[in-house]
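Visitor: Quick one: the structure is below, questions incoming.
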Amino acid sequence: MHSPLARGLQIPHPRHASPPVCVTLGFALPAFAAPSDPAPAEPAPLTLDAAIAQALANNFTIASARFEPQIARARQLSAAGAFDPVLSASFYRSDDRSAPFKPLLGQRDDLSIEKADTFEVALGGKLPFGLQYALVGNSENARTSYGLLNNNYTTFGGLRLTQPLLRGFGFGANLAGVRLARAQRGLAQASYHQAVVDTITRTVAAYNNLYYAQQSYQNAQRSKRLADDLLRENRRRVEVGSMAPADVTIAAARVARIDDGVIQYERGLADARNQMLTLLTADTRPATDQPLLIAPPPIAPPPVLDRAADLARAYERRPDYRMAQESIRRAQAGLADSRSAALPQVDLKGSYGYNGSGRSLDAAYHNTRARNTPAWTAGAEVSIPLPMRDGRGRVLASRLTLAQARTELSRLEQQIAVEVANAAGQIDATARRVEATRRARNLADESLVAEQKRLQVGQSDTFTVLQFQDLLSSAEQAEFRAVADYSIALAEYDRAVGATLARHAVTLED
């Protein structure tokens with residue numbers, strides 16, 4: 001598809017325009033005397049690139065969204081910590097006193113005292129497929145008030161293992177937390193990118209709307225000055241008897257009507273400026289009376305429109321599409337976790353190591369190191385929840401969540417296809433509008449010049465000239481609006497195909 005703007009598009013500047021923003025009608029004005037004192041230098045106008053940079057730096061939506069990837073990265077780090085080895089230590093002291101009663105003798109036995117100090121240190125953790133391990137070393141000092149060995153030390157050193165066979169078995173169940181955190185990080189990054197894209201698009205629209213408002217207001221002021229000039233000229237002609245008084249009334253009525261338009265355009269300019277300031281400043285109470293001078297927005301050449309290629313690029317680049325994909329990955333990880341949690345708990349447990357004993361801790365420790373007294377255990381532990389409503393409910397909810405995420409992706413694919421087609425259509429339509437309004441403005445300009453010449457030789461009247469002035473003013477307003485809409489359509493097209501960041505050379509760090 002080729003745009004009628006392929007020959008080039010420029011912002012309309014009437015013949016008497018002065019930078020950076022000055023709108024005039026297409027006919028001559030009386031000369032004005034130059035001021036005696038030089039006017040103070042105006043500040044440099046704000047460019048579109050500078051406006052985008054300020055919006056990205058100061059926009060509260062982006063400032064808030066910027067935290068999300070950092071938070072998600074921290075949570076991903078936390079989820080990976082589930083597989084970090086843990087060093088633990090414990091110490092217990094017990095004191096058990098008893099005096100057994102002897103019913104046959106009708107008396108109590110001597111007081112029995114049993115004391116023990118138990119110390120254990122372990123280094124353990126969990127592997128991604130579910131195996132729980134622990135390297136263990138412990139010692140116990142048992143002291144009694146009876147017997148020959150009333151102060152004994154026992155030690156143990158070895159390995160303890162627990163391997164789930166159903167619930168908690170496999171990479172899917174044990175890596176679910178990591179995968180959920182990774183998907184959430186992808187969602188946060190895509191959400192941040194979306195906030196940046198939306199801010200750039202809004203800034204481009206606000207910038208072009210503000211420039212249109214400036215042109216419209218200055219054009220209205222220009223029309224007001226022309227109407228005032230014509231009113232003064234008509235009064236002069238009435239005084240010399242070359243024009244009827246009715247022409248003065250007609251010109252005065254037009255001045256009053258233009259005054260109403262100037263007020264409306266002035267209000268529109270203030271609203272557009274305030275909208276622009278909202279995007280540019282970080283002040284929670286931006287000054288609504290702050291002047292804002294902007295440079296003419298650059299007009300990008302029309303893109304080569306290829307719906308199939310544009311749609312493929314949109315699916316690859318658009319952050320909202322990546323968000324939908326990450327939502328599916330998150331739902332898949334949640335389903336794997338729910339399926340594992342719904343299974344019965346069947347764990348194989350075992351340990352292997354060496355015991356040691358002695359009258360001192362050192363002797364018991366050396367006996368353990370000698371590895372002459374091995375000790376092992378092996379067994380299984382089973383736990384079956386009845387009637388497993390919690391697990392079945394979680395699995396069902398996870399399946400529905402995954403189905404919902406896939407449906408949302410299909411809906412988004414349809415929406416993106418429509419948005420890409422609409423955006424391409426808007427570029428073509430606004431480009432043709434610019435060409436049409438430009439021709440209309442040129443013809444209105446030529447018509448007004450011709451009618452003014454007829455008025456000067458008495459072949460026309462004030463009412464007709466005023467009509468042609470109104471036609472030219474309306475034609476210029478329509479051209480200004482068409483050019484602004486074309487630039488906004490380009491920004492919406494970039495957003496639709498995921499080209500906004502590349503268009504404005506914006507690079508985001510993950």
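The values are calculated or read from the model by the stated rules, or taken from the named source; none is laboratory data. If you're wondering where the values come from, they're calculated on a predicted model, not measured in any experiment. All Cβ positions, even for glycine, are placed from backbone atoms using ideal geometry, and neighbour counts span all protein chains on display.
Visitor: Only one of ARG185, ARG202, ARG257 is free of Cβ contacts under 8 Å to residues at least 60 places away in the same chain, of a type in the set (Lys, Arg) and in a helix (DSSP H, G or I). Can you tell me which?
Guide: After ruling out the rest, the residue left standing is ARG257.
Visitor: With crowded, with 17+ Cβ neighbours inside 10 Å and acidic (Asp, Glu) as the only criterion, which of GLU419, GLU413, GLU408, GLU381 stands out?
Guide: Going through GLU419, GLU413, GLU408, GLU381 in turn, the sole match is GLU419.
Visitor: If we keep just the residues of region 135-173 that are assigned to a strand (DSSP E or B) and hydroxyl-bearing (Ser, Thr, Tyr), which is farthest from THR377 (Cα to Cα)?
Guide: Checking each candidate, the answer is THR144.
Visitor: From ALA206, ALA227, ALA195, which residue is in contact with a Lys or Arg (Cβ under 9 Å, 6 or more places away or on another chain), farther than 22 Å from ILE328 by Cβ and surrounded by 18 or more Cβ atoms within 10 Å (Cβ to Cβ)?
Guide: ALA227
Visitor: Further question on the same structure: How about region 229-254: which of its residues are part of a helix (DSSP H, G or I) and out of contact with any helix residue (DSSP H, G or I) (no Cβ under 8 Å at 6 or more places or on another chain)?
Guide: ASP229, ARG232, GLU233, ARG236, GLU239, VAL240, ALA246, THR249, ALA253, listed by residue number.
Visitor: So which of GLY137, GLY158, GLY186 ends up being within 30 Å of ARG330 (Cα to Cα) and not aliphatic (A, V, I, L, M)?
Guide: GLY186
Visitor: Does region 351-365 include one or more residues that are under 39 Å from the mean Cα position of the chain (by Cα), surrounded by 18 or more Cβ atoms within 10 Å (Cβ to Cβ) and under 22 Å from TYR133 (Cβ atoms)?
Guide: No, the conditions are met nowhere in region 351-365.
Visitor: Still on this model: Here are ALA6, ALA72, ALA89: which of them is under 35 Å from the mean Cα position of the chain (by Cα) and at pLDDT 80 or above?
Guide: None of the others qualify; the one that does is ALA72.
Visitor: Among (1) assigned to a helix (DSSP H, G or I); (2) not assigned by TED's automatic domain parsing to the domain that holds ALA190, there is one condition GLU435 misses while meeting the rest; what is its number?
Guide: Of the numbered conditions (1) assigned to a helix (DSSP H, G or I); (2) not assigned by TED's automatic domain parsing to the domain that holds ALA190, the odd one out for GLU435 is (2).
Visitor: Considering region 158-181 alone, what residues qualify as being over 38 Å from the mean Cα position of the chain (by Cα) and farther than 17 Å from GLY125 by Cα?
Guide: Across region 158-181, the qualifying residues are LEU165, LEU166.
Visitor: Now, a different point. In this structure, does ARG97 turn out to be surrounded by 16 or more Cβ atoms within 10 Å (Cβ to Cβ) and basic (Lys, Arg)?
Guide: no
Okay, residues lined up against (1) crowded, with 17+ Cβ neighbours inside 10 Å; (2) among the aromatic types (Phe, Trp, Tyr); (3) in a helix (DSSP H, G or I):
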{"position": "ALA397", "(1), (2), (3)": "no, no, yes"}
{"position": "LEU402", "(1), (2), (3)": "yes, no, yes"}
{"position": "GLU446", "(1), (2), (3)": "no, no, yes"}
{"position": "LYS453", "(1), (2), (3)": "no, no, yes"}
{"position": "PHE480", "(1), (2), (3)": "yes, yes, yes"}
{"position": "ILE488", "(1), (2), (3)": "yes, no, yes"}
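Visitor: May I ask you to list the residues in region 304-338 that are touching an Asp or Glu at 6+ places or on another chain (Cβ under 9 Å), more than 12 Å from ALA183 (Cβ to Cβ) and either crowded, with 21+ Cβ neighbours inside 10 Å or of a type in the set (D, E, K, R) (or both)?
Guide: The answer is ALA314, and nothing else.
Visitor: Out of the helices (runs of 4 or more DSSP H) lying entirely within region 305-382, which hold 1 or more residues that are over 30 Å from ALA499 (Cα atoms)?
Guide: So the answer is 319-341, 361-370.
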